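Only one structure is covered here, and it is reproduced in the block below.
The values are calculated or read from the model by the stated rules, or taken from the named source; none is laboratory data. In this text the structure is predicted, and so the values were computed from the model without any measurement. Here the Cβ positions follow ideal geometry from the backbone for every residue, glycine too, while neighbour counts run over all protein chains shown. The protein model used for the area step is the full one, side chains on, heavy atoms only, and it has no ligands, DNA or RNA in it. Shrake-Rupley method; radii C 1.70, N 1.55, O 1.52, S 1.80 Å.
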Amino acid sequence: MKIVYTDVLVIGGGLAGLRLAIGAKRRGHDAIILSLVPAKRSHSKAAQGGMQASLGNVAKGQGDNEDIHFEDTVRGSDWGADQEVVRMFVNTAPKAVRELAAWGVPWSRVRKGDRQVVINGQKVTITERDEAHGTVAQRDFGGTKKWRTCYVADATGHAMITAVADQAIADSIPVHERKEALALIHDGGRCLGAVVRDLTTGELLAYVAKATAIATGGAGRLYRSTTNAVICEGMGHAIALETGAAALGNMEAVQFHPTAIFPAGILVTEGCRGDGGLLKDAKGHRFMPDYEPEKKELASRDVVSRRMEEHIKKGNGAKSRFGEHLWLDITLLGEKHIHTNLREVWDICHYFLGVDPVKDFIAVRPAQHYTMGGVRTTPTGESPTLKGLFAAGEAACWDMHGFNRLGGNSVAETVVAGMIVGEFIADFCDRAENAATVPVGLVQEFVQREQAKLSAIVDRRSGEDPSTLKLEMQDLMTSCVGIFRTGAELEKAVDGLQKLLARSRNVGVKSSAPGPNPELVTAYRVQKMIKLALTIAYGASVRTESRGAHFRSDFPRRNDAEWLKRTLATWKGDSDTLPTLDYEPLDVKRMELPPGWRGYGAKDYIDHPETPARAALVEGAKATAADRFALQQSLMPYEHLLPPVLRGRNERIDEPF
Amino acid sequence: MDLAQSASGLALGLFMWGHMFFVSTILISKDAMWAVTKFFEGYFFFGTAYPGVVSAVVAGVLVLVMVHAFLAMRKFPANYRQYRAFTGHRALMGHEDTTLWWWQFLTGFALFFLAAVHLYQMLMHPGDIGPYGSADRVWSGRWWPIYLVMLFAVELHGGIGLYRLCVKWGWFEGKDPAASRKRLKTAKWALTVFFLVLGLATLGAYMKIGYEHRDLVGERHTPSWVVPDPKEKAP
Amino acid sequence: MADGQALRKLTIRILRYNPRVPGDVPRLQDYEIEEADGMTLFIALNDIRDRLDGSIAFDFVCRAGICGSCAMMIDGRPGLACRTLTKNLGAVITLAPLPVFELVADLSVDTGKWMRGMSERLEAWVHVKQGEIDLKRIEDRMDPDLAEEIFELDRCIECGCCVAGCGTARMRDDFVGAVGLNKIARFRLDPRDTRTDEDFYELVGDDDGVFGCMSLLACHDVCPKQLPLQTQIAFLRRKMVKQGTLG
């Protein structure tokens, strides 16, 4: 048995994992990154539109700051987020953009003088300040009060991961590519690494580490129609769940992106709407203002996706042989803008739809896009129930997105979480008591257990077909656990998934060829995916309210009185057919922004009994505070939660030091 | 080295164009061709012909050819594995510029021998260049097959080479490099065809003259404006 | 299909070889499938794997033409399978793994290892100025046009098409390829990188670098991102000659 030792084992080579490893390495700890694919091919790459950071450089972003970013994010989350974590995040995001700027990301820059933009379907002239010339530019995104999304044309994630992966190479951080973690090695209380399968040779290895971090991104492939890459199957979530010790938070919170091209499901960025693109129906009518007079196309994603589906249900969808869809119209932005700032969109339309978005409308329909749920951690990124296990990025639930993530907050989270958790993981490794003693017996036991599971699948020649199981699961999730949910459908999903789970325990493959064996990969992954699907469907069926992206047609109101709490799912025993659900209440009395109306979407919700008192207290504080920093400090101090190197205010043109 | 290869290639390429124009003067008249050869032998400067001048030029060209060939060898397949890799690659890709390089390589290889022979001949017998001298060599000396092969080899090699030089160093890129490249390639083919036609015609002319002159091999051309002088015949 | 044509039967001919199976030899295997409207090779290959043969190895990640995983030889030419529509190809489509890169199995090759090796050799990262970056301060300003120019070259997805299409790379293992030369051109352009032409000459001023390139331009012609490789390599060559001759 081959054992690889390291200080920090990072599972996942996307932006969060890379940045986290760089942080640990620069603090003097060895780090190894495991990745299913070469790091630069990770799904972080697909982030198109940009990353939110309140730099306030552009004219339309002037006056922006951490406070406004904080409020937008909490409202976007429908008050499901941990507000302290959101504060940590919004204060670090400008630092992250500036670090990336120094590392070589070619951020699009502000050009002084007049420029034509499209706002609300009208051509408008904006004048950029001379003093902002050459600073990082921002564009508009959904659910934000200011233009805050920093971007590199529409290939932001690509440019970011290129720069960060290059720095990881500069720091000589090894990326063990084509390696998949099959199980975490742990004794119920302490995580010590992972059992890993080499996807080239098929061989099993053990990686032993002081700290193990899961940064594996989302689980979009649980759904049939998703914008996620094919590797986003939630394996990081799953191996954490299978420990029985670590918990997954808010798995029922699944975001659907309004503009996935139809029917392929490939994303076209929110930047299309941010830059002035409009949603239209079969008749060419711009329908969003009818539903959302305030934010129109730029309400949060959960709201826009629901309005689109609602509009289709009313019979306004354009028909095609694959079903119904709506149109995204960016023709009004003009050829030059599309060819420079929305180039990727043009490519995608050209290659996959055969249309030219300069002249034609783009067929779109919402598709699964983001997994708000993840491995539950504290603000330091560590699991509160399994020592030595950390998580960051989409795979984590620390929890800054609550029940709906804002566009542009996802890539921002990856690097910010990498920066913060990287420091905490280094602190963890610095402490002498955390030196990993190598329990060879335990390691051996875990490797043998995984080997036995694989052998059982390979030996079962006439078992269940893995592809069929996967397709049935995806269909069930898409039809019953989608944008609109009801108790009856969710019950059907839970029931169906339990049956699939039972069948998956009998999965077999036709090929026993050594090496990659893709069929075997599907087989062992589908067993895990069905468990994850169950945490979503079961969590959704129990949560009898609507919050953010979780919308129950039979319980359409947000219910703070009963449901202002986070779902925690664990999988206690191997033979269980359902996760165990626990709930962690959110404390209104400690909230800087007490629950209220989001500013878009439904205005109707059930208040938490403590909300009015907290709201009054916050209003009072606003009246007496000396400045915004003092006010913030008085309501919810958070700076002590940040690593020392990341504390401190952010300079802006309008807020010089 | 890349620069030297390119520079020697450029010099040879331009030389070949010039060379082709000079030898093709036969198409105008024997006198014109005679004048050109004598011009190069310094007749109009010194009043007498010094074939040694030609020898010097030829020697220079020969050195250039050697240098060019030596530098270009760096890029050739160095062993059978590389040879197989490239031929397989070329066949599968069906990519024009890649295939052109293969032709450039093959013609270059051929030229290395053909040009060496030709240049050696010129080096040793520079005085034999002339309307009849050349024509006799072509026809009665049975050199025409070599010239025919060499003509195709040179024009392909030179045309492709000069085109490649332009894209290699980014000459004539202009505002739209893609369009420029297309234009360069068209120009390249046009020039190659032009020089091939010119070359074939020229070769034909020499063959015709050589055929008609087959019984008088050794006789030198006398410009029509000069009264024949027996002394002229003995070089 | 939308234009009323009958759907074709497609033959997908795949070069199969698993070096880890003892005695396995490279062979072409045919799979018959029905073409569908808007079918890409991503859809076709997954259809084959789901229904006909679960053992075929190939790589897809984003399936949207942005990650560079799925480059393969499509009818002899390197290209991204995910965004290649079958309707633009004949009824028999031949697929083979990219050459030059180490074969994993069938259509799957290890581009990651090659790219990492190239990056390490060329030190393909921005060499940041010594000293801590002050993250609290406003970022250094950059001309908007320069940022766009850098981005133009930064768009490389390391798919390996340029390397597979390169006659030089096919013959010589140490050639850095257009991907490597483009990276040097990109960092050279970036004022945040502290290196000078002298440093870059050390990295690519030889026959494994820019002087090994034979200007066959297949890289330029097959690049799925339409990077301006022809002009960038020419430009770099001029600069490196200048550096090499004038110092």
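The figures follow:
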| item | result |
| --- | --- |
| Helices (runs of 4 or more DSSP H) wholly inside the range B:1-67 containing at least 1 residues that are open to solvent by less than 30 Å² (accessible area, probe 1.4 Å) | B:2-24, B:30-40 |
| Checklist (1) more than 9 Å from chain A (Cβ to nearest Cβ); (2) closer than 19 Å to A:Ile161 by Cα; (3) polar (S, T, N, Q) applied to C:Thr111, failing item | (1) |
| Breaking point among (1) surrounded by fewer than 16 Cβ atoms within 10 Å (Cβ to Cβ); (2) under 18 Å from A:Gly373 (Cβ atoms); (3) among the β-branched types (Val, Ile, Thr), for A:Thr535 | (1) |
| Hits in the range C:164-181 (condition: at the interface with another protein chain (Cβ under 7 Å from one of its Cβ atoms), among the charged types (D, E, K, R) and in a loop (DSSP other than H, G, I, E, B)) | none |
| Close pairs (7 angstrom Cβ cut-off, 6 or more residues apart or separate chains): farther than 14 Å from C:Lys183 by Cβ in the range C:205-232, among the basic types (Lys, Arg) and open to solvent by 10 Å² or more (accessible area, probe 1.4 Å) anywhere | C:Asp207/B:Arg74; C:Gly212/C:Arg172; C:Met214/B:Lys75; C:Ser215/B:Arg164; C:Ser215/B:Lys168; C:Val222/C:Arg77; C:Gln230/B:Arg181 |
| Qualifying position, being among the hydrophobic types (A, V, I, L, M, F, W, C), within 14 Å of chain C (Cβ to nearest Cβ) and in a helix (DSSP H, G or I), among A:Ile348, A:Ile312, A:Ile338 | A:Ile348 |
| Evaluation of B:Ser134 against (1) over 30 Å from C:Gln232 (Cα atoms); (2) part of a loop (DSSP other than H, G, I, E, B) (one fails), failing number | (2) |
| Strands (runs of 3 or more DSSP E) fully within the range C:1-94 counting 1 or more residues that are open to solvent by less than 50 Å² (accessible area, probe 1.4 Å), closer than 19 Å to A:Val37 by Cβ and without any contact (Cβ under 8 Å) to a residue 40 or more places away in the chain | C:71-74 |
| Considering residues of the range A:567-578 that are open to solvent by 10 Å² or more (accessible area, probe 1.4 Å) and not polar (S, T, N, Q) only, the residue modelled with the lowest pLDDT | A:Asp574 |
| Test: residue in the range A:271-278 that is farther than 30 Å from C:Asp37 by Cβ, assigned to a loop (DSSP other than H, G, I, E, B), open to solvent by 10 Å² or more (accessible area, probe 1.4 Å) and in contact (Cβ under 8 Å) with a residue 60 or more places away in the chain | yes |
| Boolean, A:Val196 is in contact with a helix residue (DSSP H, G or I) (Cβ under 8 Å, 6 or more places away or on another chain) and either buried (at least 22 other Cβ atoms within 10 Å of the Cβ) or more than 7 Å from every other protein chain (Cβ to nearest Cβ) (or both) | no |
| Test result for A:Ala206, within 18 Å of the chain's Cα centre (by Cα), among the aliphatic types (A, V, I, L, M) and open to solvent by less than 10 Å² (accessible area, probe 1.4 Å) | no |
| Test for B:Val58: is it within 24 Å of B:His125 (Cα to Cα), modelled with pLDDT of 85 or more and in contact with a helix residue (DSSP H, G or I) (Cβ under 6 Å, 6 or more places away or on another chain) | yes |
| Residue list for the range C:114-155, filter: open to solvent by 60 Å² or more (accessible area, probe 1.4 Å), part of a helix (DSSP H, G or I), more than 24 Å from A:Val110 (Cα to Cα) and more than 7 Å from chain A (Cβ to nearest Cβ) | C:Arg121 |
| Members of the range A:616-648 found to be open to solvent by 60 Å² or more (accessible area, probe 1.4 Å), within 27 Å of the chain's Cα centre (by Cα) and either closer than 18 Å to A:Ile68 by Cβ or among the charged types (D, E, K, R) (or both), listed by number | A:Glu639, A:Arg647 |
| Filter pass, C:Leu80 being modelled with pLDDT of 95 or more, more than 10 Å from chain A (Cβ to nearest Cβ) and under 19 Å from the mean Cα position of the chain (by Cα) | no |
| Matching residues, the range A:423-459, being within 14 Å of another protein chain (Cβ to nearest Cβ) and of a type outside the set (Val, Ile, Thr) | A:Glu423 |
